[in-house]
Amino acid sequence: MNATPRRRPETVEREELGRLLPAPADPELPPDRHRLLKEHLMQEINQDRAATAAASRRPRRLATLALAPLVAAAAVAGVLVTGGVSPLGGNAPGPSVTVGAENSNGAVELLDRIALAAAEQPAVEVRDDQFVYIASLGSGSVHEDGQVTVPEPRSREVWDSVNSSQEGLLIEEDGTRYPLDTRDTSGIMVCTRSPEGDVCRHPDPEELLGPGLNSPDYRYLESLPTDPEELLALIYQGNEGNGTTPGDKAFSTIGDLLRDTLAPPGLSAALYQAAAQIPGVERIDDVEDAAGRSGVAVARVEDSGNVRVEWIFDEETLEFLGERQIALTDSFGVPAGTVISSNAILTRAVVDEAGEVPAEAS
């Protein structure tokens with residue numbers, strides 16, 4: 001088993017939304033437990049991670065809003081079984097990075113403008129004892145009794161330690177508070193699949209230490225390359241063997257980083273430039289985030305053909321507003337065109353304590 005952390009990409013839940021597979025109506029675990037299970041799942045299948053420079057730090061957990069049906073069912077059962085089949089076959093390397101990937105409707109040109117705007121943002125001085133604060137509004141699909149429904153968006157606030165040295169905090173719309181600490185592995189069973197059969201055991205808390213592409217803290221983000229080709233190659237390599245296509249996982253990983261973190265300006269620009277090189281990106285006008293704000297989107301249809309993922313930007317300032325996912329096929333009671341997941345980022349800031357709300361969010 002690999003002792004380096006999971007990830008992000010976050011996204012078992014997107015893969016499951018793409019397939020729109022129903023899950024049993026089992027009782028839910030707290031959000032922090034779901035995130036921990038997802039993180040450890042990706043830790044097991046992300047072998048040969050390239051980014052291990054700061055492997056001694058504890059990962060932050062992404063403030064996801066949609067619960068993956070596969071993970072939810074596994075969480076109730078207390079067992080996670082991971083597979084190691086590369087989408088390219090065996091342990092084949094990820095695709096080579098190509099500049100100017102296929103696109104339509106000016107997506108690459110739009111991403112170039114967005115990257116330039118991101119690079120011009122002032123850098124923020126961040127201390128190790130501080131927290132990254134993100135307030136958001138969002139909703140994800142719920143699978144029950146063979147049907148998929150999408151509840152109304154809910155607000156939440158997350159505080160993540162800058163260097164994973166302190167316990168973070170999640171507060172839901174109803175005021176429920178969840179500590180964010182990945183060291184508690186009680187009740188979790190991790191299983192590794194092999195030709196001889198599945199080997200299961202309780203994970204050692206120390207195995208969950210260390211940030212990664214899909215579980216980054218701010219210090220980890222600072223360590224990532226800002227050359228777009230190098231960054232995209234790292235993302236492809238870090239997601240090898242996760243059971244989905246390289247393009248899907250690369251777009252998902254970048255989207256999670258844009259949505260669930262506060263990245264340094266240089267890295268934000270590089271992420272947008274890297275996204276412009278993923279085949280299939282397109283521009284879509286007149287879209288709306290979970291908060292009702294209109295904008296322009298950079299989108300990509302997942303290789304399954306079932307879901308289109310859209311990153312939404314303010315058309316004037318080019319600020320990232322949020323993300324949504326659109327069903328493209330009729331499945332389990334959800335007609336094509338339904339928004340099955342929607343998110344809006346309301347405030348990002350750096351604060352001194354978990355629970356502290358910045359002035360701009362008050």
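Here are a few things to note about the model shown:
- For the criterion of being crowded, with 24+ Cβ neighbours inside 10 Å and not in a loop (DSSP other than H, G, I, E, B), Ala233 fails.
- Thr347 meets all of the listed conditions (1) touching a helix residue (DSSP H, G or I) at 6+ places or on another chain (Cβ under 6 Å); (2) more than 27 Å from Leu170 (Cα to Cα) but one, namely (2).
- Residue, modelled with the lowest pLDDT, within the stretch 124-135, restricted to residues that are part of a loop (DSSP other than H, G, I, E, B) and aliphatic (A, V, I, L, M): Val124
- Scope the stretch 258-282; condition touching a strand residue (DSSP E or B) at 6+ places or on another chain (Cβ under 8 Å) and within 15 Å of Trp311 (Cβ to Cβ); matching residues: Leu258, Arg259, Asp260, Thr261, Ala275, Ala276, Ile278, Gly280, Val281, Glu282
- Of residues in the stretch 237-260 being surrounded by 23 or more Cβ atoms within 10 Å (Cβ to Cβ) and hydroxyl-bearing (Ser, Thr, Tyr), the one nearest to Asn163 (Cα to Cα): Thr253
- Across the stretch 301-339, the qualifying residues are those that are farther than 16 Å from Thr149 by Cβ and of a type in the set (S, T, N, Q), and the one among them that is modelled with the highest pLDDT is Thr317.
Condition check ((1) out of contact with any Lys or Arg (no Cβ under 8 Å at 6 or more places or on another chain); (2) polar (S, T, N, Q); (3) in a helix (DSSP H, G or I)) across all residues:
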| site | (1), (2), (3) |
| --- | --- |
| Gly247 | no, no, yes |
| Leu257 | no, no, yes |
| Leu262 | no, no, no |
| Ala270 | yes, no, yes |
| Pro279 | yes, no, no |
| Gly295 | yes, no, no |
| Arg300 | no, no, no |
| Arg308 | no, no, no |
| Ile312 | no, no, no |
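- Put simply, of Glu360, Glu282 the only residue that is among the acidic types (Asp, Glu) and buried (at least 19 other Cβ atoms within 10 Å of the Cβ) is Glu282.
- Some residue of the stretch 136-147 being modelled with pLDDT of 95 or more and under 21 Å from the mean Cα position of the chain (by Cα): yes
- Residue within the stretch 340-357 that is modelled with pLDDT under 95 and surrounded by fewer than 19 Cβ atoms within 10 Å (Cβ to Cβ) present: no
- Checking each residue in the stretch 316-362 for being among the aliphatic types (A, V, I, L, M) and assigned to a strand (DSSP E or B) picks out Leu321, Ile326, Ala327, Val334, Val339, Ile340, Ala344, Ile345, Leu346, Ala349, Val350, Val351.
- Residue selected from the stretch 273-318 under the condition out of contact with any helix residue (DSSP H, G or I) (no Cβ under 8 Å at 6 or more places or on another chain) and acidic (Asp, Glu), by the criterion nearest to Lys249 (Cα to Cα): Glu310
The values are calculated or read from the model by the stated rules, or taken from the named source; none is laboratory data. The structure displayed is predicted, hence computed values, not measured ones. With ideal geometry, Cβ positions are generated from the backbone for all residues, glycine too; neighbour counts draw on all protein chains shown.
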